[in-house]
Every structure is written in structure tokens, then in C-alpha cells.
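Visitor: Just dropping this structure here.
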Amino acid sequence: MPLLRLENVSKDYNVNQGFMAGRGIRLSALAGVSLTLTPGQTLALVGESGCGKSTLSRLALALERPSAGRVFFSGQDLNALSPRRLRALRTQMQIVFQDPATSLNPKMTVREILSEPFIIHNRKENMEEEIIFLLRAVGMAPEQARLYPHQFSGGQRQRIGIARALALRPSLLLADEPVSALDVSVQAQVLNLLLTLKEQFGLTYLLIAHDLSVVTHLADRLAIMYLGKIVETMPAAALESFAGLHPYTQALWRSAPSLTPGRKPPPLTGEMPSPLAPPSGCRFHPRCPEALSLCAREEPALQEIGPGHFRACHLEARL
Ligand code: SF4
């Protein structure tokens, strides 16, 4: 059974502020997204800022309700659960935030930060031993529990955030740009730590990233998002068959210099269009270097072009 499943999920927001007030305009943040995450898998959701990744993660954690479609966790429809049942289920899904500097309370010691989940969920038995265990699991010393977040480096603060997320032994860990706020020199350390913890704690990961190079070492599968839609989903290894990829995935790949030494600079030009008025047909067509005349008229459906590899594009697949 999938651990997490999104079934044709859409999310619209009423835009009713400033000069748009009273116009009844709706912003389509997600449009008909389906995704499956099996236990033990690492799925990376990749796309530029504003593509809908954060909206999708809020829906996956039941922090918001979809406008249409359903979200299942361990086979249970999250939006059909009672608040009590949902609260209990939420302990199984935890999040690591992008910026550890803002996600940790500066007035609390590490011990207090790590105590919180146990206290909130009334699991105080063995709490002190658990805190020591968690600190060691993320490569920190038990004595550091008495210090405050500002006494640590960015990488160490992210380790504390990861320890807090693991406290209740979740099955799903959603990591929202987990290293993008860190120095390049410590990014690899934190990514390696996530790899180690996945094995140690039997975790399933949903990784959110804008940079393909950050996730290729961790992910089993990739889902590429553009303007509220999944345009490609595939095994991470399929990245190697560059020519067969969706033009947007190719552009993201070329934009990751560490992945493509010697390749040409990014061909991606222009800004992502507003989700208030998405382009007709293929939403990527105004920026696509390979667009056909058909692309502005007809929206391409996701089609399987290789084992487990789905792509939404009118171009002939050349794998
Ligand atoms: Fe480009 Fe057309 Fe494919 Fe969209 S459908 S990615 S515009 S070639």
C-alpha cells in the first residue's frame, strides 16, 4: 500500500486583495496532481519557486484541504478523518524546514526544543534518554542539549531540526529545501546524514527542492513540477537519458552546473507566468525552446515513455 497518495488534487485560492478585491479571481496553485509514494521511497519534487511545491506539501501533511481530489496517508483519506484521528496520524508525518535559523525558537535550549514533541503528544516516558539518543543520531553530543540555537552553526541547527522531526518516530519525513539555506560546504554533510537516518529510522522521504543537483544523490524518483502541474515523473536514474527528458527538466538539469560540467548555460529564459492566468495548452510553451504550434492549443497528457517514466509533452519520446 502506498504511504502517501495524491489523487487528482487541485488547490485554488481566492485572490481578494488590493486591486483584485471584489473581482472574484481565483489562483490555481495546483491543478490535477496525482502522486504515489511507497514506503521506503525517496521522492523528490523539483521545480522553480512558485510552481506549487509548497502547496503540495501542505496538502500532503493535511495542513490545508484540497479544492478537489483526495490525499491518502496509509490508505486513509486525510480529509475524511476526525480531528482527533488526524492529530494522531500527523505524528507519523513530520517536516524539516528550509531555514533552521527561523524554525527553532531562539529562547529555548536544544533540550527544550527536543522535549516539545514528547510533551505535546504526552509521550514523556524515557524522554531524557530519547533526547540523548536523537542528538547522537544526528551527530551531536548530549552535552549540547543545554545550549541555545544561536550558539550553533547553520548545519548544526539543521541537525537539531532533523532531530526534532524524528522525535515521534514518523514514517514520512517531508524535507522542504533542507540544505538551500546552508553553506555549500555543509550541504553534502546534511544530505549524507539524511541518507543515513533514512536507513536507521526506516523513513520515507518527500524532498522538496528547486535544484536538481541537490536531490539526485538521495532520490529514487523525481517529480518535476511547472506552474501547478507535474510535467514529468520518473526513476532518478532516467535523468541520464538526457535527450528523452521533458524540455523543462532538461532546462533544470542544465541550470545545475555541478551536474552538467561543460554543458551550455541554462536555456531557460523569462519568468514563470502567473498562476492567475496560466498559458493555454502546455503551460511551459512560452518558455519552451522546442515548442510546436500545437503546444499553445493542446495540453499534453502525462504518458508513459519508459518503465515508470511519465512525461507530458507533444514531442516524440527519444529514449
Ligand atoms: Fe515544449 Fe510543447 Fe513539450 Fe510543452 S508540449 S514542453 S511546449 S514541446
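FYI, it's all coordinate maths here, none of it is from the lab. Computed from a predicted model, the values in this text were never measured in an experiment. Methodologically, a virtual Cβ is constructed for each residue, glycine included, from the backbone with ideal geometry; neighbour enumeration extends over all protein chains shown.
Visitor: Taking Cα pairs under 8 Å and at least six residues apart, what relative contact order does segment 140-284 come out at, in percent?
Guide: Relative contact order, segment 140-284: 16 percent.
Visitor: Order these peptides, 137-146, 41-50, by their mean beta-carbon neighbour count within 10 angstrom, highest first.
Guide: Per-residue mean Cβ counts within 10 Å order the peptides as 41-50, 137-146.
Visitor: How do the peptides 233-243, 56-66 rank, highest first, by the average count of neighbouring beta carbon atoms within 10 Å per residue?
Guide: 56-66, 233-243
Visitor: If you stretched the chain out fully between L63 and E7, how much longer would it get, using 0.36 nm times the residue separation minus the C-alpha to C-alpha distance?
Guide: 18.5 nm
Visitor: Same structure, new question: With everything on Cα atoms, drop me the angle between helix 127-137 and the longest principal axis of the chain, reported from 0 to 90° to the nearest 10.
Guide: Helix 127-137 and the main axis of the chain meet at about 50 degrees.
Visitor: Mind ordering 308-316, 79-87, 294-302 by average Cβ neighbours within 10 Å, highest first?
Guide: The most tightly packed comes first, giving 308-316, 294-302, 79-87.
Visitor: About the Cα centre of the chain, what is the dipole size in debye to 20, counting +1 per Lys and Arg Cβ and -1 per Asp and Glu Cβ, all else neutral?
Guide: Its charge dipole is roughly 580 debye.
Visitor: Further question on the same structure: Of K11/K124; K107/K229; K11/K198; K124/K198, which pairs sit farther than 32 Å apart, going by alpha carbon to alpha carbon?
Guide: Long pairs (Cα-Cα over 32 Å): K11/K124; K107/K229.
Visitor: Follow-up question, since we're still on this one. Want the number for L294 to L315: 0.36 nm per residue separation, take away the alpha-carbon distance, what's left?
Guide: Here the answer is 6.5 nm.
Visitor: Using the crude model of +1 on Lys and Arg Cβ and -1 on Asp and Glu Cβ, and no other charge, please compute the dipole size for segment 1-152 relative to its Cα centre, in debye to 20.
Guide: Roughly 500 debye, rounded to the nearest 20.
Visitor: A further question on this structure: List the aspartates and glutamates whose alpha-carbon lies under 13 Å from that of K53, not counting same-chain residues fewer than 8 positions away?
Guide: D176, E177, D211
Visitor: From the residues V110, L89, T38, which one has its Cα farthest along the dipole of the chain in the positive direction, the dipole being from +1 and -1 charges on Cβ of Lys/Arg and Asp/Glu about the Cα centre?
Guide: Checked the options; the winner is L89.
Visitor: Along the charge dipole of the chain, which of L294, S180, N16 sits closest to the positive end, that is, farthest toward it, with unit charges on the beta carbon of Lys, Arg, Asp and Glu (+1, +1, -1, -1)?
Guide: Of L294, S180, N16, it is N16.
Visitor: Right, next: A175's amide H: which non-local residues (gap 5+, or another chain) put their own amide H closer than 5 Å, with H modeled 1.01 Å from N in plane and none for Pro or chain starts?
Guide: Those lying under 5 Å, H to H, from A175 are V96, L206, L207, I208.
Visitor: Compute the separation of the alpha-carbon centres of segment 166-203 and segment 21-70 and state it in Å as a whole number.
Guide: Centre-to-centre distance over Cα atoms comes out at 21 Å.
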